[in-house]
Amino acid sequence: MVHYKTHSYSIAYAEYGNPHGFPILVQHGLIASIKDGGLFDRLTRAGARVICFARPGYGESSPYKMGSIGEWGQLVAELANELRLTKFDVLGMSSGAPYSYAIAWALPEEVRNIYIFSGIPAMYDDRVLARWPHPVTKNADLAEMKRLAHGLFFSNLAAEDRVRNDTRDSMANEGFGIALDFRLRCMDWGFKLVEVKQQVVMRHARFDHGVPLASVELTAALLPKATLNVEETDIHFSQETLDAFFDSEIISRLPDRM
């Protein structure tokens, strides 16, 4: 575990795989930990350098109150410069999707491809938001969102689940990371998807009840260069479907395999 520190915040990140391989920057989901590097074994065995960033409030990252999702792109731009990354791909999983777009928007020359696995849609857009099946409070108070996160995810956890990396890191700072995500995802992102010019490859399950396909289709239409691959399942996440996405879309596009 490594930290990038400034005078006002610290971002934790973890690296896996070949330190000289082509970099893939991972933007994690809502309940997640950057310590769970085994999720990306397929990529590391293919020679990739996988770098996972913990968003504000998750795990050991400072509970820094970003004003928009676009601000994450600026923070990662600083970190990418620190790591001397000149060209890389971005992988966004579920709630990590908006933050992946933000990185691509902030670093148009450095980001090559964007890969989105079961991604949260563009909820800043009212047409997309109309397709969202869950209650939304725009401009929500962080304290209110912390209470919501606790009630939804942590109030009835079994003891063995509480010690899992993804649970512990998501619960850090009283669930600040989840609360901030809930607040920012349906506000103005600070940029529009039409400004994201890179190729975007998206995977989504047709019967994903948590993130409806209709909202994802509208999101794909907002992106200038998006390919949406729809699977005839209801699986939002599993290791098997994630590995299949790596095999079919990412590994074959790694530079050393071109």
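Considering the conditions (1) without any contact (Cβ under 8 Å) to a residue 60 or more places away in the chain; (2) touching a Gly at 6+ places or on another chain (Cβ under 9 Å), Thr86 is excluded by exactly one of them, (2).
If the condition is being part of a helix (DSSP H, G or I), among the hydrophobic types (A, V, I, L, M, F, W, C) and either surrounded by fewer than 21 Cβ atoms within 10 Å (Cβ to Cβ) or in contact with a Ser or Thr (Cβ under 6 Å, 6 or more places away or on another chain) (or both), then the range 110-158 contributes Val128, Leu129, Leu142, Ala143, Met145, Leu148, Leu152, Phe153, Phe154.
Checked against the criterion of being small (Gly, Ala, Ser) and in contact with an Asp or Glu (Cβ under 8 Å, 6 or more places away or on another chain), the candidates Ser61, Ser95 yield just one match: Ser95.
Scanning the range 41-72 for residues that are over 12 Å from Tyr9 (Cβ atoms), assigned to a helix (DSSP H, G or I) and touching a residue at least 60 places away in the same chain (Cβ under 8 Å) yields Arg42, Leu43, Ile69, Gly70. Checked across the range 85-96, the condition of being touching a helix residue (DSSP H, G or I) at 6+ places or on another chain (Cβ under 7 Å) and part of a loop (DSSP other than H, G, I, E, B) holds for no residue. Selection of the range 202-258 for residues being in a helix (DSSP H, G or I) and basic (Lys, Arg) yields Arg253, Arg257.
Residues checked against (1) farther than 17 Å from Gly92 by Cβ; (2) surrounded by fewer than 15 Cβ atoms within 10 Å (Cβ to Cβ):
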| residue | (1), (2) |
| --- | --- |
| Ile178 | no, no |
| Lys197 | no, yes |
| Val201 | no, no |
| Ala205 | no, no |
| His209 | yes, yes |
| Leu222 | no, no |
| Thr241 | no, no |
| Phe245 | no, no |
| Ile250 | no, no |
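Being under 17 Å from the mean Cα position of the chain (by Cα) and free of Cβ contacts under 8 Å to residues at least 12 places away in the same chain is the requirement here; does Ser252 meet it? When the stated conditions are applied, Ser252 does not pass them. Going through (1) part of a loop (DSSP other than H, G, I, E, B); (2) closer than 17 Å to Ser33 by Cβ one by one, Asp166 falls short only on (1).
Read-outs: derived from the displayed coordinates by stated rules, not from any lab. As the structure is a computational prediction, the values presented were derived from the model and not from experiment. Glycine also receives a Cβ, built like all others from the backbone with ideal geometry; neighbour counts cover every protein chain displayed.
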